[in-house]
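Peer 1: Quick one: the structure is below, and I'll ask about it shortly.
Only the coordinates and a few stated rules stand behind these numbers; no lab work does. On a predicted model such as this, the values are computed, not experimentally measured, just so you know. Note that each Cβ is placed from the backbone with ideal geometry, even for glycine, and that neighbours are counted across all protein chains shown.
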2 protein chains.
Amino acid sequence: MKQESESKRKLLETAMEMIWESSYGSVSVDDICTKAGVNKGSFYYAFKSKSDLAVAAFERHWEHKRPLMDKIFSSQIPPLERLDNYCQSIITSQKEKYQTFGKMLGCPYCSLGSELSTQDEKIRLKADEMTKRMLKYVESLVRDLAAEGLIEVKDPAELAQEVFSYVTGVLMQAKIENNVHHVERLQHGIMRLLGVKNLTAAAS
Amino acid sequence: MKQESESKRKLLETAMEMIWESSYGSVSVDDICTKAGVNKGSFYYAFKSKSDLAVAAFERHWEHKRPLMDKIFSSQIPPLERLDNYCQSIITSQKEKYQTFGKMLGCPYCSLGSELSTQDEKIRLKADEMTKRMLKYVESLVRDLAAEGLIEVKDPAELAQEVFSYVTGVLMQAKIENNVHHVERLQHGIMRLLGVKNLTAAAS
DNA sequence: CTTGCATTATACCAACCAGTCAACTAAGTT
DNA sequence: AACTTAGTTGACTGGTTGGTATAATGCAAG
């Protein structure tokens, strides 16, 4: 039941890549099928709609990214180092995409969410789910920073949300400006937002 | 030369509204023409492409919004009050759109930019131009806050960019979550990011 | 009245869109 | 060998897409 067939896997992979690089609206089912080398009939055997595929592709992407995220945000790592690793991973992946596609792609969940939240409720809910998952990592991080006395915070959940909103905002601006620069200064802004007391190590 | 005909005006107005409510990809030229009560021939007489219309519609939207922005960010107003007015204007307009359309619409420039920056260079450049215009207001604000000794900042331009990225991030998250709440707490996050010393007045 | 030009209206296009379908294959299972 | 199940194929549908060609209008100057 859970073993996904080769063509289903290929469709999910291709769809994720194409939607991330372009947008949901500018990629057609035919485009995806052609690039994936899968027949359109097979597409609609595997997924009941284009929108369904997008949701499934995002879930798959998350499942593949999760081990790395678990590692980056591991409680075994001091919170400030966690933050550093998180920022570095974003910079690395964004730069890699930039080299591959010749342009900044930003956060896929947010791009799709921003495009279709008002149009497709299932996609909005998925994007919302994705952001909430990421938020959990940031919440633990904020709480651990507070526990170590590195920051002062009344409402850790709210601060985490602020940090995460900031991160996604920076990624969006980087996409619009088509420039890595803001992403490279991501950590600086986060440190300021958190109000980390000892700035010697990480903030430039 | 500059006087725009009635149908051109109607097209720009309708396009802005429809693209903001839905998305560029999910609104067709026919949709816009029908709703604007303008014939398709007139559309392609006035604009040479759908993408051109979008760019023009955004420019028009900016021109109409500018007087309000100039007023909000007037140097005559103390910087902290400017910030408060800015946040209030965002909350008000977002709530108004929420009541009209039954959903959060976020920032139109950013939504379109996020959707099409990798697809349409003219649209990306326009979105980039829009954000840079807004950034100028925030830059002056940050500098004036520093001049009054309310914040400490080494690079005002960078802090302004951070604040603006945060604002757009919050608007995007509000759209994805379809919830005004984060927008209502916008000022709280900005104050923390700025590191305003005297929090008594504005931050709850 | 007529010429010329700025609009606007109508009809049309080929390409493309998401989605459907009956026929087919291949690999078990009995 | 007969039957079931899971997956594949490619042609097909009906509607929509952005964009065009051209005719009809209005209207102001000569």
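Peer 1: Taking into account only those residues within region B:35-55 that are in a helix (DSSP H, G or I) and among the polar types (S, T, N, Q), which is nearest to DNA strand D (Cβ to nearest atom)?
Peer 2: Out of the qualifying residues, it is B:S51.
Peer 1: For region B:99-113, which positions are farther than 19 Å from B:S165 by Cα and within 11 Å of chain A (Cβ to nearest Cβ)?
Peer 2: B:F101, B:G102, B:K103
Peer 1: Tell me yes or no: at least one residue of region B:188-197 is closer than 25 Å to B:H61 by Cα, in contact (Cβ under 8 Å) with a residue 40 or more places away in the chain and either assigned to a helix (DSSP H, G or I) or at the interface with chain A (Cβ under 7 Å from one of its Cβ atoms) (or both).
Peer 2: Taking region B:188-197 first, the residues closer than 25 Å to B:H61 by Cα are none.
Within region B:188-197, none of the residues are closer than 25 Å to B:H61 by Cα, in contact (Cβ under 8 Å) with a residue 40 or more places away in the chain and either assigned to a helix (DSSP H, G or I) or at the interface with chain A (Cβ under 7 Å from one of its Cβ atoms) (or both).
Peer 1: It is to be established whether one or more residues within region B:140-150 are touching a Pro at 6+ places or on another chain (Cβ under 9 Å) and part of a loop (DSSP other than H, G, I, E, B).
Peer 2: Yes; the residues of region B:140-150 include at least one that is touching a Pro at 6+ places or on another chain (Cβ under 9 Å) and part of a loop (DSSP other than H, G, I, E, B).
Peer 1: Suppose we filter A:E59, A:E63 for residues that are of a type in the set (D, E), away from DNA strand D (no atom under 14 Å from the Cβ) and in contact (Cβ under 8 Å) with a residue 40 or more places away in the chain; which single one remains?
Peer 2: On the way: A:E63 fails: in contact (Cβ under 8 Å) with a residue 40 or more places away in the chain.
Just a single option satisfies the conditions, and that option is A:E59.
Peer 1: Among what's in region A:22-34 and is within 14 Å of DNA strand D (Cβ to nearest atom) and in a loop (DSSP other than H, G, I, E, B), pick the residue that is surrounded by the most Cβ atoms within 10 Å (Cβ to Cβ).
Peer 2: A:S23
Peer 1: Quick one: which residue in A:R66, A:R9, A:R60 is farther than 27 Å from B:Q119 by Cα and either part of a helix (DSSP H, G or I) or within 13 Å of DNA strand C (Cβ to nearest atom) (or both)?
Peer 2: A:R66
Peer 1: For region A:75-129, which positions are of a type in the set (S, T, N, Q) and crowded, with 17+ Cβ neighbours inside 10 Å? Break it down into steps so the answer makes sense when it comes.
Peer 2: So in region A:75-129, the residues of a type in the set (S, T, N, Q) come out as A:75-76, A:85, A:88-89, A:92-94, A:99-100, A:111, A:114, A:117-119.
Selection gives A:Q94, A:S111, A:S114, A:S117, A:T118, A:Q119.
Peer 1: Mind listing just one residue for me: the one in region B:22-53 that is more than 9 Å from DNA strand C (Cβ to nearest atom) and of a type in the set (A, V, I, L, M) and, of those, farthest from the other protein chains (Cβ to nearest Cβ)?
Peer 2: B:A36
Peer 1: What are the pairs with Cβ atoms under 7 angstrom where one residue, in region B:33-49, is in contact (Cβ under 8 Å) with a residue 12 or more places away in the chain and the other, located anywhere, is of a type in the set (D, E, K, R) and in a helix (DSSP H, G or I)? Sequence gap at least six, or different chains.
Peer 2: Close Cβ pairs satisfying both conditions: B:C33/B:K40; B:A36/B:K10; B:G37/B:K10; B:V38/B:K10; B:A46/B:K8.
Peer 1: In the list A:K122, A:K132, A:K154, which residue meets the criterion of being in a helix (DSSP H, G or I) and either polar (S, T, N, Q) or over 12 Å from B:Q173 (Cα atoms) (or both)?
Peer 2: Just a single option satisfies the conditions, and that option is A:K122.
Peer 1: So which of B:I19, B:I90 is under 14 Å from the mean Cα position of the chain (by Cα), within 14 Å of chain A (Cβ to nearest Cβ) and either within 16 Å of DNA strand D (Cβ to nearest atom) or part of a loop (DSSP other than H, G, I, E, B) (or both)? Quick ask: steps written out before the conclusion?
Peer 2: On the way: B:I90 fails: either within 16 Å of DNA strand D (Cβ to nearest atom) or part of a loop (DSSP other than H, G, I, E, B) (or both).
Step by step, each of B:I19, B:I90 is checked, and only B:I19 is under 14 Å from the mean Cα position of the chain (by Cα), within 14 Å of chain A (Cβ to nearest Cβ) and either within 16 Å of DNA strand D (Cβ to nearest atom) or part of a loop (DSSP other than H, G, I, E, B) (or both).
Peer 1: Taking region A:1-16 on its own, how many of its residues are near DNA strand D (Cβ under 10 Å from one of its atoms) and surrounded by 18 or more Cβ atoms within 10 Å (Cβ to Cβ)?
Peer 2: Qualifying residue count for the region: 3.
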